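The values are calculated or read from the model by the stated rules, or taken from the named source; none is laboratory data. Model, not experiment: these values are computed from the prediction. Neighbour counts run over all protein chains shown; Cβ positions are idealised from the backbone, glycine included.
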Amino acid sequence: MARAFIGSMECPVHVDKDLGDTWAVTVYPPTSAKASPAPLVVKLQGNDKVAATKGALEILQKSGKIDRFEM
């Protein structure tokens, strides 16, 4: 199960199969975090759930939305 972090706060990560071969990876930031309390959503195409999850979390980390993640 993947975990995302904003600062030292752990954020729940949910991965859902979307239409076709698309995955929706959602990170729910805590309300006390500096980031917006709105969920962070990345959609990626692929057949592999783990690869899509890792790719989405890498995108969020590189864009500065999350600080780190663990798979």
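Among residues of the stretch 1-24 that are on the phi > 0 side of the Ramachandran plot, those with a Cβ under 9 angstrom from a residue that is surrounded by fewer than 16 Cβ atoms within 10 Å (Cβ to Cβ) and of a type in the set (Lys, Arg), sequence gap 6+ or separate chain, pair up as Gly7/Lys34. The selection criterion, being free of Cβ contacts under 8 Å to residues at least 60 places away in the same chain, among the small types (Gly, Ala, Ser) and out of contact with any Asp or Glu (no Cβ under 8 Å at 6 or more places or on another chain), holds for Gly55.
Residue count for the stretch 24-43, restricted to those that are over 11 Å from the mean Cα position of the chain (by Cα) and over 19 Å from Arg68 (Cβ atoms): 3. Is one or more of the residues making up the stretch 43-63 part of a loop (DSSP other than H, G, I, E, B), at pLDDT 95 or above, small (Gly, Ala, Ser) and exposed (fewer than 12 other Cβ atoms within 10 Å of the Cβ)? Within the stretch 43-63, one or more residues are part of a loop (DSSP other than H, G, I, E, B), at pLDDT 95 or above, small (Gly, Ala, Ser) and exposed (fewer than 12 other Cβ atoms within 10 Å of the Cβ). Output the number of residues of the stretch 12-42 satisfying the condition of being modelled with pLDDT of 90 or more and either over 15 Å from Ile59 (Cβ atoms) or touching a Cys at 6+ places or on another chain (Cβ under 7 Å) (or both). Residues flagged as modelled with pLDDT of 90 or more and either over 15 Å from Ile59 (Cβ atoms) or touching a Cys at 6+ places or on another chain (Cβ under 7 Å) (or both) within the stretch 12-42 amount to 6. Looking only at residues of the stretch 3-33 that are in a strand (DSSP E or B) and among the polar types (S, T, N, Q), we find that the one that is surrounded by the most Cβ atoms within 10 Å (Cβ to Cβ) is Thr26.
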